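> Mind having a look at this structure? Questions to follow.
Every number in this text was worked out from the coordinates using simple rules, so none of it is lab data. All of these numbers come straight from a predicted model, not from anything done at the bench. All Cβ positions, glycine included, derive from the backbone under ideal geometry; neighbour counts span all protein chains shown.
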Amino acid sequence: MASTTQTNAAEGPVAGLTSRWASAAADTPAIWKILSLALIFGAWEIAGRTNFNYAFPGFLETMAALWEMIADGSMGAAYLRTAEPLVLGLVISLAIGVSSGVAMGLRRDVEWLTLPIFITMQAAPMAALIPLVTFVYGIGLASKVLAVVMLSLPVIAINSYKAVRNVPSSLVDMSRSFMGSRRQQVFGIILPAASPMMFAGIRLGVAEGFSGAVLAELLITPTGIGDLITYNRSIAKFAHMYAAIFSIVALAVITVSLLHRLEVTLFRPEKRGV
Amino acid sequence: MNVTHLSESRAHSAPAAGDAARDAIIEVEGIHKIYGGSVTALENINLDFHRGALTSLLGPSGCGKTTLLKILAGLLQPTSGEVRVNGTPVTGPGPERAFVFQDFALMPWATVLRNAAYGLELRGVSLREREERARHYIDEVGLSGFEDKYPHELSGGMRQRVGLARALAVDADVLLMDEPFSAVDEQTRRKFQEDLIRLREIEKKTFLLVTHSIEEAVYLSDRIVLLSPRPGRVAQIVTPEIDRSGDPDAIRRTPEYLDLIDEIWAGLRTYVE
Ligand SMILES: Nc1ncnc2c1ncn2[C@@H]1O[C@H](COP(=O)(O)OP(=O)(O)OP(=O)(O)O)[C@@H](O)[C@H]1O
Ligand SMILES: [Mg+2]
């Protein structure tokens with residue numbers, strides 16, 4: 001229970017829909033997850049059948065289209081393309097975001113120097129900057145990677161920073177009073193204590209990275225999953241378009257949930273099996 | 001023997017020269033602490049803490065008890081003045097002092113056993129040896145059977161016992177305890193106090209206990225240092241002479257115990273009004 005509140009508090013105003021949904025999903029018993037999914041998909045199916053919009057397919061129709069694209073390999077091929085900027089961008093964001101966030105949390109001078117950059121990045125509407133990025137870096141992989149980084153990096157860095165700052169000072173004092181070295185304080189106390197909030201930020205950042213990857217494919221050049229979406233829209237195969245959108249949302253949710261699992265197994269043994 | 005349990009009681013803090021002759025494990029000399037250039041938390045503290053004794057620091061909230069204890073622990077630097085432990089000036093935390101935290105300061109991701117062994121872990125004691133020693137002290141504080149539990153599975157009183165076991169496990173000469181019982185309920189608190197008296201007989205350590213409970217100070221201490229409100233100064237030193245060998249509840253009903261509580265309260269009252 002405690003973990004739920006803590007995660008939500010940590011996400012704060014920057015919470016992305018996918019991530020919040022996923023972390024809630026990771027904490028609730030399976031039966032509720034299934035029930036909630038059934039409700040959503042049921043409502044979707046009914047909405048599709050009312051024909052309020054000719055371009056809105058029902059759930060079953062969408063799933064059929066999804067299966068078709070998986071079967072003919074077009075889905076797999078699209079994800080191979082999309083994965084490239086997404087994975088590269090996320091790796092860069094994680095490396096830079098976590099390390100600079102931790103450094104800002106540990107050292108005032110780094111905080112003064114670096115924090116304003118991330119705050120500006122987070123406040124700026126990044127989607128609006130993508131055309132600018134294209135102008136500078138062209139329409140290749142670099143621009144797409146940059147789009148992912150721009151969206152995911154600030155959240156990861158700022159949450160890592162806040163996580164380190166929020167470590168109870170008595171825990172650090174405790175380590176110090178037993179003569180822990182700075183190294184022992186950082187790796188033995190500060191990082192494990194900061195990990196829940198840090199991972200909340202990472203989950204948000206990864207969700208943002210998915211947005212970045214798709215945005216880049218929609219705004220820069222249609223490749224991968226972005227191409228599947230635009231192409232199917234242009235030829236009015238709306239069930240296929242929705243299937244592509246559905247697949248990326250589902251993938252983001254699954255990735256974010258897996259991250260939650262990873263965190264618990266790596267850092268928080270006390271939450272295992274709770 | 002009768003009503004005179006105030007064997008030393010001074011209005012000001014200047015220590016008598018005779019004090020130094022007694023075996024002082026910690027000597028505090030002219031400590032001032034000013035926070036952020038304006039908040040004077042402690043003013044000219046001169047004190048000796050005797051080896052093997054349990055001394056309480058008693059005073060109203062905000063008078064600088066935690067500040068003084070952290071200075072003794074080496075966690076805070078005084079603005080001026082010196083603390084000596086076994087004659088050596090304190091520059092930081094040391095192996096001869098161990099701290100028990102008001103909020104327990106347990107690692108939520110570690111089991112009771114690992115928490116209790118943490119001090120030894122930092123000192124590079126091998127896993128086997130430190131777990132063996134930690135188990136011994138976990139047993140001594142009455143927590144055997146809970147070694148593999150996590151802090152969130154324990155009550156507040158049990159968590160503080162883990163904090164105590166951790167401090168005992170490093171075998172320091174001095175235990176510095178900052179309101180160790182303040183976060184637990186009254187029954188647990190009393191049980192804890194009784195256990196502490198028993199523990200003192202086994203462990204023969206020097207205890208420094210911060211509290212703002214007069215009853216607790218009188219019940220537990222060989223010596224009570226009363227601090228005045230901010231800026232914290234030593235207002236009075238009281239030496240209760242209470243025979244603690246009998247039934248704990250009977251002790252709490254003895255006239256010596258009750259009178260001393262009244263007397264200290266009368267002294268502190270002047271600050272509250
Ligand atoms: N880091 C700090 N910066 C500025 N002022 C502080 C700091 N820590 C403590 N103080 C001030 O110093 C005074 C003494 O604080 P301290 O925590 O030592 O009191 P205390 O006697 O332990 O109180 P309590 O009984 O409430 O725990 C208080 O007035 C407090 O506001
Ligand atoms: Mg205090």
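> What fraction of the DSSP beta bridges in the protein assembly as shown is antiparallel, stated in percent and rounded to the nearest 5?
So the antiparallel bridges amount to about 50 percent of the total.
> For A:Ile245 and A:Phe135, compute 0.36 nm times the residue count separating them, minus their Cα-Cα distance, and round to one decimal in nm.
36.9 nm
> Are there any helices in chain A, counted as whole DSSP H runs, that stretch 27 Å or more along their axis by Cα and score at least -0.5 on average by Kyte-Doolittle, and if so which?
A:30-49, A:74-106, A:141-165, A:191-219, A:238-266
> Starting from the Cα of B:Asp148, step 7 Å along the direction of its Cβ; do the same at B:Thr79; then give the gap between the two resulting points in nm.
Those two pseudo-labels are separated by 5.3 nm.
> To continue, here is another question. Per DSSP helix of 4 or more residues, -39500 (n - 2.57); summed, then divided by the residues of chain B. What does that give at 222 nm, rounded to the nearest 500?
Helices in chain B give a 222 nm mean residue ellipticity of -10500 deg cm²/dmol.
> Right, next: Over chain B, calculate the relative contact order: mean separation of alpha carbon pairs under 8 Å at least 6 apart, over the residue count, as a percent.
Details: 510 pairs, mean separation 73.4, N = 273.
Computed value for chain B: 27 percent relative contact order.
> So for B:Glu203, B:Glu132, fewest C-beta neighbours within 10 Å to most, what's the order?
Ascending Cβ contact count within 10 Å gives the list B:Glu132, B:Glu203.
> Right, next: Which entries of A:Lys271/B:Lys70; B:Lys70/B:Lys191; A:Lys271/B:Lys65; A:Lys162/B:Lys191; A:Lys33/A:Lys144; B:Lys149/B:Lys191 have Cα-Cα distances beyond 29 Å here?
Beyond 29 Å between Cα atoms: A:Lys271/B:Lys70; A:Lys271/B:Lys65; A:Lys162/B:Lys191; A:Lys33/A:Lys144.
> Give me the Kirkwood hydrodynamic radius of the protein assembly as shown in Å, from all C-alpha pairs, to one decimal place?
Radius from the Kirkwood sum: 27.5 Å.
> Can I ask one more? For the pair A:Ala38 and A:Trp67, how long in nm is the line joining their label points, each one 7 Å along Cα→Cβ?
Between A:Ala38 and A:Trp67, the label points sit 2.0 nm apart.
> Select from B:Ile71, B:Ile242, B:Ile224 the residue whose mean-square fluctuation is largest in a Gaussian network model of chain B (Cα-Cα springs shorter than 10 Å).
B:Ile242
> Residue by residue through B:96-102, how many Cβ atoms from other chains fall within 10 Å of the Cβ on average?
Values: counts 0, 3, 2, 6, 2, 6, 1.
Partner Cβ neighbours, averaged per residue: 3.
> Which distance in nm do the two modelled labels at B:Thr40 and A:Ser99 give, with both placed 7 Å along the Cα-to-Cβ direction?
Inter-label distance under the simple model: 4.9 nm.
> With unit charges on the beta carbons (Lys and Arg positive, Asp and Glu negative) and the dipole taken about the Cα centre of the protein assembly as shown, which residue among B:Leu54, B:Ala266, A:Phe210 sits farthest to the positive side?
My answer, from the dipole projection, is A:Phe210.
> Same structure again: Cβ neighbours within 10 Å, averaged per peptide: list A:30-36, A:197-203, A:102-108 in order, most packed at the top.
A:197-203, A:102-108, A:30-36
> Given a Förster distance of 25 Å, report the FRET efficiency between A:Thr50 and A:Ile235 from their Cβ-Cβ distance, rounded to the nearest 0.05. Display every interim value, and only then the final one.
Values: r = 24 Å, r/R0 = 0.97.
Computed FRET efficiency for A:Thr50 and A:Ile235: 0.55.
> Normalising by the residue count of segment A:59-271, find the relative contact order in percent from Cα pairs under 8 Å and 6+ residues apart.
Taking the mean separation of contacting Cα pairs over the length of segment A:59-271, I get 29 percent.
> Another one. Evaluate 2.2 N^0.38 Å with N set to the residue count of segment B:45-87, then give the Cα radius of gyration divided by it.
For segment B:45-87, the normalised Cα radius of gyration is 1.20.
> Would you mind checking the tilt of helix B:186-203 against the longest principal axis of the Cα atoms of chain B, expressed as 0 to 90 degrees and rounded to 10?
Long axis of B:186-203 versus the principal axis of chain B: about 80 degrees.
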